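Accompanying notes for the structure given below.
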Ligand SMILES: [Zn+2]
C-alpha cells in the first residue's frame with residue numbers, strides 16, 4: 001500500500017511536469033527562475049502558447065496512473081539474488097564516487113550517495129534542490145554586489161553622442177573575419193561601414209566568464225603575477241554614476257553554474273533583458289538567436305528620452321556547437337561542416353550589427369557603437385573544429401571595431417593593446433573622464449600607444465602569462 005501511494009503520487013507529479021519538462025528540461029535554474037520571477041503576463045503567455053495536447057496528455061496520464069496504481073496488482077519479486085544484483089547495480093556508481101572523492105562528513109556522504117543514484121525521482125528532487133540553492137545564493141550575491149557602487153572618481157562627463165552601444169561578441173577570432181583580411185567575405189558590413197577597425201586587441205582570458213569581467217571592469221594587478229577584477233568599477237556602474245540610462249540586453253545565460261561573474265556586472269544595469277532565464281545552453285535556450293535582442297532595442301529607442309544611453313548587447317554569437325547557433329542556412333562552404341558553420345555565425349553577427357545600426361538610424365540617433373569579442377578559439381580535431389584553448393595566441397586575438405553616426409572615412413589602427421583596463425578606454429569613448437592615470441584614459445583612440453609585454457590570464461586561476469610566449473595557431477582556410 002505504501003509503494004502504491006508513493007509511486008502513484010510521483011507518477012502524477014511527473015505527468016503534471018510534462019509540459020514544463022518538454023520546454024525547459026529536467027529541473028534547472030531556468031525553471032526555478034521562471035517560477036520565482038514570472039509575472040502574471042508571462043504565465044498566461046506560457047499557458048496560451050502551450051499546444052492543446054499539453055493539456056490533455058497530462059490529464060489522460062493522471063487518470064491512467066490513478067487507475068493503474070489502484071487496480072493493478074504489483075508484481076512480487078522474491079528472488080533474493082535478483083534484488084541484490086539490482087541494488088548493487090544502483091549503488092555501484094555512488095559508492096565508486098564516494099570512494100574516489102572521500103567526502104569528510106556524514107551528510108555529504110549521504111548527499112553524494114543520493115545525488116549519484118541515477119533514479120528519476122531522486123534526480124528530479126535533487127535537480128530542484130540544487131538549482132534552487134544556486135538561484136537563491138546567486139541572487140543574494142548579485143544584490144550584495146550591486147550595493148558596492150563605482151568607486152573611481154569622475155572628473156567630467158561630456159558625451160559626444162547620445163547613444164552608446166557595446167556589442168560583446170562570442171568566441172570570434174579576428175582572422176576569421178573579412179574585416180581583418182579573411183578571404184571569405186563574412187563581415188561585409190563591418191569591412192565597409194566601420195569607422196575604425198582596430199587590429200591588435202588581446203583579450204584578457206580565453207573564456208567568457210573570466211574575460212568579460214576584465215574587459216568591462218577595472219583590473220587589480222598584484223606584482224605582475226596575478227590579477228583580479230574589481231567588479232564594482234565596471235562600465236555600467238560608471239555610466240550610472242555619470243547619469244547615463246543603462247541597459248543590458250543578453251542572449252547568454254542569466255543564471256547557472258558558470259553564469260556567475262558576468263550576470264553580477266549586468267545586475268548594475270537599470271534595465272535588463274534576458275532571452276534565457278537559466279543557462280546559455282539549457283534546454284529552454286534552444287532556438288534563441290541573437291536577433292531576439294532587436295525588438296527590445298526597438299523598445300528602448302522608441303522611448304526617446306533626452307538622457308545619454310549606454311546599451312550593452314551580449315551575444316551568443318559563435319559559441320561552440322556552431323551549427324546549432326545558426327539562425328539561417330550555412331552561407332559559406334569551406335569543405336568542412338563545423339568551420340563552415342563557424343564562418344557563417346560570424347556573418348550572422350555582422351548582419352546583427354548592421355540591423356542594430358539600421359535601428360539607430362531609423363530613430364535618428366546620434367550614436368557610436370563598439371564591437372569586440374570576449375575571446376577567440378583554437379583549432380582542434382585536425383582543423384575540423386575550434387575550441388576554447390588557453391595555449392594559443394589566437395584564443396586571445398579578437399576583433400575591435402567602431403561604428404559612428406558621423407560617417408567619417410574608415411580608419412585602420414594596427415597596434416597591439418591589452419584588453420585589461422579596456423573599461424578606461426570605453427569610459428573615455430563615452431566622454432566620461434575618470435580620475436585615473438592610464439594610456440586609455442589620457443589619450444584619444446588614435447593616440448593610444450602600442451603596448452609591450454602584454455599578459456593574459458588563465459581560465460581557472462588568476463595567474464598571468466606572457467602573451468608572446470604562447471603557441472601560434474594560424475588559420476588554414478585563409
Ligand atoms: Zn565566450
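Since every read-out is calculated from the coordinates, none of them should be taken as a lab result. Computed from a predicted structure; not experimentally measured. Note: ideal-geometry Cβ built from the backbone for every residue, glycine included; neighbour counts use all protein chains shown.
Some points to look at:
- Expressed as a fraction of 2.2 N^0.38 Å, the C-alpha radius of gyration for segment 275-317 is 1.41.
- The order of 255, 315, 297, going from fewest to most other C-beta atoms within 10 Å of their C-beta, is 297, 255, 315.
- Gyration tensor (alpha-carbon) shape descriptor, segment 395-477, a/c threshold 1.5: oblate
- Whole-number percent relative contact order across segment 151-469, with pairs defined as alpha carbons under 8 Å at least 6 apart: 33 percent
- Each listed q (0.17 Å⁻¹) maps to a log10 I(q)/I(0) for segment 303-395 from the Debye sum over equal C-alpha point scatterers, namely -0.82.
- With both residues required to sit in the chain, DSSP beta bridges show an antiparallel share near 45%.
- Cβ-to-Cβ counts within 10 Å put 343, 330 in ascending order as 330, 343, the fewest first.
- Separation of alpha-carbon centers, segment 114-183 and segment 17-33, rounded to whole Å: 21 Å
- Counting other Cβ atoms within 10 Å as a rough exposure proxy, the listed residues 323, 341 run 323, 341 from fewest neighbours to most.
- Overall form of segment 139-213 per C-alpha gyration tensor (a/c, 1.5; a/b vs b/c): oblate
- Whole-Å distance, taken between Cα centres, linking segment 286-339 and segment 421-441: 27 Å
- Long-range Cα-Cα pairs in the chain (distance over 45 Å), rounded percent: 21 percent
- Helix 106-115 and the longest principal axis of the Cα set of the chain meet at an angle near 90°.
- Note on segment 78-171: the C-alpha convex hull projects to 13.0 nm² when averaged across all orientations.
- Mean residue ellipticity (222 nm) of the chain, computed from DSSP H runs ≥ 4 via -39,500 (n - 2.57), nearest 500: -13500 deg cm²/dmol
- All alpha carbon pair distances within segment 232-375 were sorted into 10 Å bins beginning at 0; the resulting P(r) in whole percents reads 11, 38, 35, 14, 2, 0.
- Shape analysis of segment 336-478 places it in the oblate category; the axes a ≥ b ≥ c from the Cα gyration tensor give an a/c of at least 1.5, with a/b not above b/c.
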